[in-house]
Amino acid sequence: MRKSFAAAMSAGLLLAGMVSQAAEAAAATPEPKAFAMAQADGRPELAGMSLAQARELQAEIDQQMKDVPGGIQVSANEIAWKGGSVVMSFPVPSQRTAPETSGKLLGGAALKGADAVSPRATGTCYDTGSCSYQKCPYGFRDMWYCLYADRDYGGRRLQWKDVYEYTNALDQWNFNYQASSWVNTSTKMTVEVYGPGDQRLWVMPSRANFFSDPTHNNYVGNDVNDRATSFTAVGG
């Protein structure tokens, strides 16, 4: 009996020591950058993010920045390249779509009320601020075109602000063979998307004018889904 009691005491002390070490290790682990940045972010999807979600999100961002050097993490869920002309937005883990573009990347302009988050085309954003269609922003000053990793505008969102490039390979953004849906809010540019062997997969027309809805497609189709490798953006 004494042996059993001593063994039990020893096991209990060992377990207590392990729990204490685990608690100390957790306390010593710094909060991920994404968690700290989310606390100062007014977007609701980020405000309620847990520490565990922030760690998972930060790991995705860190990997993307390693794969695509030269980017800057500008918010809890966004990386920007080329002075903010190219942006990748990540959904919060467990959420399907990435939040709307942060005000910092829109020159401080706040998205405008219901127009900013409407799941349908707004058609009424005529002011000088920024609206969005499926989280792809636009306004009188800046217009963007966006590719989405998932259908129905879900997953990672890769977006460009009036970038004129005749050849833009998607592998340089770690987005090769991933695009499933798109939005083009520009009134200037038609974007042509290509796959292997320079096969043209689809066209993203510019919208007719400032007062018309952005062009969009919630699913590119089974025959071209996850096949995009490059695009050209041609201004009118």
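The values are calculated or read from the model by the stated rules, or taken from the named source; none is laboratory data. In this text, all values refer to a predicted model and were calculated from it rather than measured experimentally. Neighbour counts run over all protein chains shown; Cβ positions are idealised from the backbone, glycine included. Heads up: the accessible areas ignore ligands, DNA and RNA and are worked out on the full protein's heavy atoms, side chains in. Shrake-Rupley method; radii C 1.70, N 1.55, O 1.52, S 1.80 Å.
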*Quick one: which of 145-154, 215-224, 69-78 comes out on top by average Cβ neighbours within 10 Å, and what's the full order, highest first?*
145-154, 69-78, 215-224
*In the neighborhood of Leu201, defined by Cβ-to-Cβ distances under 9 Å, what is the net charge if each Lys or Arg adds +1 and each Asp or Glu adds -1?*
0
*For segment 131-236, give the magnitude of the charge dipole about the Cα centre (Cβ charges: +1 Lys/Arg, -1 Asp/Glu; no others), in debye to the nearest 20.*
280 debye
*Might you tell me the accessible area per residue for segment 31-102, computed with a 1.4 Å probe and given in Å²?*
42 Å²
_Spin-label pair Ala169/Lys188, simplified geometry with 7 Å Cα→Cβ offset, distance in nm_ = 2.6 nm
_Mean accessible surface per residue for segment 180-236, computed with a 1.4 Å probe while every protein chain stays in place, in Å²_ = 43 Å²
*Estimated inter-spin distance, Asp152 and Lys33, nm [label 7 Å along Cα→Cβ]*: 3.2 nm
_Cα-based radius of gyration of segment 172-236 once divided by 2.2 N^0.38 Å, which approximates compact folds_ = 1.12
*Compare Glu56, Glu100 by solvent-accessible area with a 1.4 Å probe and give them largest first, with all protein chains kept in place.*
Glu56, Glu100
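For segment 35-114, what is the convex hull (Cα atoms) projected area averaged across all directions, in square nanometres?
Details: hull surface 21.5 nm².
Averaged projected hull area, Cα only: 5.4 nm².
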